[in-house]
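First up is the structure itself, then whatever we jot down about it.
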Amino acid sequence: MTDPSFVGPRMVPVRQQFDRTRVENVADEVERQLQRLRLEETIRPGETVAVTVGSRGIAGIATITRAIVEHLKSISAAPFLVPAMGSHGGGTVEGQLGVLREYGVTEESMGVPIRASMETVIVDRTAQGIPVHFDRHASEADHVLVANRIKPHTGFVGEIESGLHKMMLIGLGKQAGAVTYHRAIKDHTFPEIISAVADVVLKRCSVVAGLAIVENAYDETALIEAVAPAEFLDREKELLLQARRWLPRLPVAEVDLLIIDRIGKDISGTGMDTNVVGRKRKDDAATPQDDVSCKRIFARGLSAGSHGNATGIGLAEFTTRCVVGQIDEHSTRVNCITSGHPRAGMIPLVFDSDREVIDAALQTIGMVEPHEARVIQITDTLHLAELLISEPCVEEAKRSDGLEILGEASPMQFDEQGNLPDVASLFEQQKRG
C-alpha cells in the first residue's frame, strides 16, 4: 500500500552477480581432502577424535560434519562431536545443543556421541601469561580435528581473522576462554593473542588436522581444504585473502540509510557483518579504512536462528518495538559481556512501525532531502544478490560489475500497520509474476 503522505525515495529492485564458484558435491570433497592428509598414519584404530562443530550458520554444516565423521570411521577411529562456540547458545550446554539441533547435527543424524560441556581445562599459559582454556572433553581425546569457515572477522583486522585459529581459541576455549582472551585485548592486540594461544593449543592439545571452509557471496560452499597443523598459519592467511575476494558487497559506497530485514548470530558474529556495512573499526560510523559508509542503519528483525540473541543491534540507530520484543536479554547480555563489547547489545531508538523509523531516520542524514536519500534495503548481510536501492543510488550502482535492474522505480510500500515487506518476499512475488 502506497502512503501518499510519505515523502521518501522511490525504490528500484536490482540483482547483483557475484563469483559463484562452488563445490558441487560437498561430502565427496570433504572425503577427498581428508584422504590427502593420510590421517590413518597418525590416528591408530580405536583412538578418539574430537571434531569441532561451531555456531556460525555455515552452509551445509551437517553434511560437512557427517562426512568428517564417516572418514574418521573409515580409518577405524572413534570420533565424537564437541560444540565449539564460545558463549553462544546463552553460554549453556542445553543452548549449544539446541543450536546444533537446528543445524541438523544430532547424535542420531551423525551416528556418533556429542560431548557437550562448558567446562574447560587450562592447558598452559602464553608467554604473556594468558591462561589457555580448552574444552574438557576435547582435552581428553587422543586427537582433535578443527573444522571452521575462513572469513574476515567483524571486529579486527589481521592476516588471521576468523577461521581455524579462532576456533582453537574461542570455540574450544568455551565461555571461559572467550572472556579471558577478550579481556586480554585491553593489553595485547588480537593478532598477538591469536598467535600466542594457537601456538600453545597446537603444541599441547593433539590437534591432528583442520578442515577449512570458504563460502561464496551466495552463502554456498566454494572451497573445502584439509590442512595439516603445521600449515595452519600460512594456509589460513592465504584462504582469508580468497574469502575477502568472495565476500558479498553493497553496490554503492555511500548510503544514507541501510534497512536490514534481519540480523542474527547465525548471520554474523555482530549480527550484521561489519565488513559489509562499514562499521568494523567503529560501531557508529565508517572510518577511512572501510569500503562503505552507512550514515544510519535500521534493524527490522532478528533471524530465527539467533534464538533472540540480538548482539549487534547496538550498531544500528533504529529498530522497532516488535524487534525489541524478540530479544532474549540473557543470551544477548552473556554474549556481549563475554566478547567485551557491551555496545553491541544496546537498544537503538525504538518506534512502532517501519514507516515511523524511516521518517525519523531521514531527518538525521544531513542536508539531503528525503526523496533524494540514498537508501538500500537488504535481507541480511549474507544475502546481497537481490536488494532494493533508491533512485539516487542507481547511476553509481550501474557501474558495478554484473548489476541488473529488474524493474521500475516505485514508492515504498507499507502495509496497514506501516511496515515494509521483506526483500525476500518481494522478489519471491516477482518471480511468481
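We did not get these values from a lab; they are worked out from the coordinates using the rules stated. As the structure is a prediction and not an experimental result, all values here were calculated from the model. Here the Cβ is made from the backbone with ideal geometry for all residues, glycine too, and neighbour counts use every protein chain on show.
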Original post:
Using modelled amide H (1.01 Å from N, peptide plane; none on Pro or chain starts), what sits under 5 Å from the amide H of I114, excluding residues fewer than 5 places away?
Top reply: L81
Original post:
Residue by residue, what Karplus-based ³J(HN,Hα) values in Hz, rounded to whole numbers, does region 247-252 have, using 6.51, -1.76 and 1.60 with θ = phi - 60° and x for Gly and Pro?
Top reply: 5, x, 9, 6, x, 9
**OP:** Taking all pairs of distinct Cα atoms, average 1/r, flip it, and tell me the Kirkwood hydrodynamic radius of region 65-199 in Å to one decimal place.
**Re:** 15.6 Å
**OP:** Give the calculated FRET efficiency between R244 and D142 to the nearest 0.05, with a Förster radius of 41 Å applied to their Cβ-Cβ distance.
**Re:** 0.70
Subject >> Distant-in-sequence amide H partners of A77 (H built 1.01 Å from N, under 5 Å) >> reply: G46
**OP:** Please list the equivalent ellipsoid semi-axes of region 196-242, computed as the square roots of five times the alpha-carbon gyration tensor eigenvalues, in descending order and whole angstrom.
**Re:** 24, 11, 9
Subject >> Amide hydrogen neighbours beyond the local backbone of E254, cut-off 5 Å, H modeled >> reply: S293
Subject >> Under 15 Å from the S5 label point (7 Å along Cα→beta-carbon), backbone N, region 390-433 >> reply: 414-419
**OP:** Averaging sequence separations of C-alpha pairs under 8 Å and six or more residues apart, then dividing by the length of region 273-334, give the relative contact order as a whole percent.
**Re:** 27 percent
**OP:** For region 289-302, just list the computed ³J(HN,Hα) in residue order, Karplus coefficients 6.51, -1.76 and 1.60, θ = phi - 60°, integers in Hz, with x standing in for Gly and Pro.
**Re:** 7, 7, 7, 9, 10, 10, 4, 9, 10, 10, 8, 8, x, 10
Original post:
Under a GNM of the chain (C-alpha, springs under 10 Å), which listed residue has the highest mean-square fluctuation: P288, P191, P248?
Top reply: P288
Original post:
Using alpha carbons only, how many degrees (0 to 90, rounded to 10) separate the axis of helix 423-432 from the longest principal axis of the chain?
Top reply: 80 degrees
Original post:
Can you give the percent of C-alpha pairs in the chain whose distance is more than 36 Å?
Top reply: 28 percent
**OP:** Mind scanning K295/K398; K73/K166; K237/K265; K174/K237; K166/K265 and naming the pairs with a C-alpha gap bigger than 20 Å?
**Re:** K295/K398; K73/K166; K237/K265; K174/K237
Original post:
Among the aspartates and glutamates, which have Cα under 12 Å from the Cα of K203 when same-chain residues fewer than 8 positions away are ignored?
Top reply: D124
**OP:** Enter the angle in degrees (range 0 to 90, nearest 10) between the Cα long axis of helix 232-246 and the first principal axis of the Cα atoms of the chain, meaning the one along which they spread out most.
**Re:** 20 degrees
Original post:
Relative to the first principal axis of the alpha-carbon coordinates of the chain, what is the inclination of helix 93-102, with its axis defined by its Cα atoms, in degrees from 0 to 90 and to the nearest 10?
Top reply: 70 degrees
Subject >> Of S339, S195, S293, the one that fluctuates the most in a GNM where the chain has Cα springs shorter than 10 Å >> reply: S195
Original post:
Residue by residue, what Karplus-based ³J(HN,Hα) values in Hz, rounded to whole numbers, does region 174-190 have, using 6.51, -1.76 and 1.60 with θ = phi - 60° and x for Gly and Pro?
Top reply: 6, 5, 4, x, 4, 4, 4, 6, 6, 5, 5, 4, 5, 10, 9, 6, 5
**OP:** Once you've got the GNM for the chain with C-alpha springs shorter than 10 Å, pick whichever of I170, I58, I185 has the biggest mean-square fluctuation.
**Re:** I185
